[in-house]
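In what follows, a single structure is set out as structure tokens and then discussed.
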Amino acid sequence: MSKSLGNFVTVEEALKACGDEPDVLKLFFLSGHYRSPLNYTLAIVRASKQRYDGYRNLIDLAGNSVVKVGGNELAGPVEEVEKWKQGFFSALDDDLNTPQALSALDGMRSLGWQLWDEVLHGVEDSKGKFLSVVRELVTHGKVLGLFERLSETDLSKQIGGVVEDAVRARVEALKEAREQYRRQKNFAAADRCRQEINDLGYTIEDTPRGPIVRPKH
């Protein structure tokens, strides 16, 4: 293997072929199983770039004013995305099957675009679902090391403002619902609210002055 034979590519050259986007190069490597040889071809690089653009374009839409107006509240668990979440971790449990894990992310992406189409057609309930799916896409992508630069820059604009506000609104709604269930002595429902608050990255503490929610540290 040598550069003179044309079968040697530097990291700098590979990044340039990826449009100087490290996530595209990561997707290239993740597209093959670590136990199997992976040929470097421009066709695979272009496919990785197309895949990344599909993710990124969807994430960018989370900051669109169409979603913000009357649709800032995250939906609860979106039933359609649960199978992709399960498939994602099942793939990683299966000898770190990253190609299959990426297929699960692709499923989330497709669902996100479907919900976006519904948002554009005025389906109000789809706004919260759309934001929830985008959040799941980013969360699971970060497990694979994706979207790290995005979280430090554009993510704060695209999802940070909209989704974080939506998360806080959802947590407050769950806190109130939990109190209502406790007054009704429906402790199973109250526990489900607590669990969902926990899943959203918050803890809830009962105090003499009432329940207090705090972000996890």
Pairs with Cβ under 8 Å, 6+ apart, first in the stretch 7-19 and farther than 13 Å from V45 by Cβ and of a type in the set (K, R), second at pLDDT 75 or above and surrounded by 12 or more Cβ atoms within 10 Å (Cβ to Cβ): none
Within the stretch 193-217, can you find the residues that are surrounded by 15 or more Cβ atoms within 10 Å (Cβ to Cβ) and farther than 21 Å from L131 by Cβ? R194, I204, P211
Can you tell which of R56, R35 is of a type in the set (K, R), part of a loop (DSSP other than H, G, I, E, B), more than 16 Å from S103 (Cβ to Cβ) and modelled with pLDDT of 85 or more? R35
Filtering the stretch 99-140 down to residues that are among the aliphatic types (A, V, I, L, M), more than 29 Å from H33 (Cα to Cα) and in a helix (DSSP H, G or I), which residue is modelled with the highest pLDDT? L115
Answer yes or no: is there a residue in the stretch 112-130 that is touching a helix residue (DSSP H, G or I) at 6+ places or on another chain (Cβ under 7 Å) and in contact (Cβ under 8 Å) with a residue 60 or more places away in the chain. yes
What's the number of the only condition in (1) under 24 Å from R170 (Cβ atoms); (2) modelled with pLDDT under 90 that K3 fails to meet? (1)
Which residues, counting only those in the stretch 81-102, are in contact (Cβ under 8 Å) with a residue 24 or more places away in the chain and not aliphatic (A, V, I, L, M)? K83, W84, K85, F88, D95, N97, T98, P99
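The values are calculated or read from the model by the stated rules, or taken from the named source; none is laboratory data. Bear in mind the structure is a predicted one, so any value in this text is a computation, not a measurement. Reconstructed Cβ throughout: ideal geometry from the backbone, glycine too, with neighbour counts over all protein chains shown.
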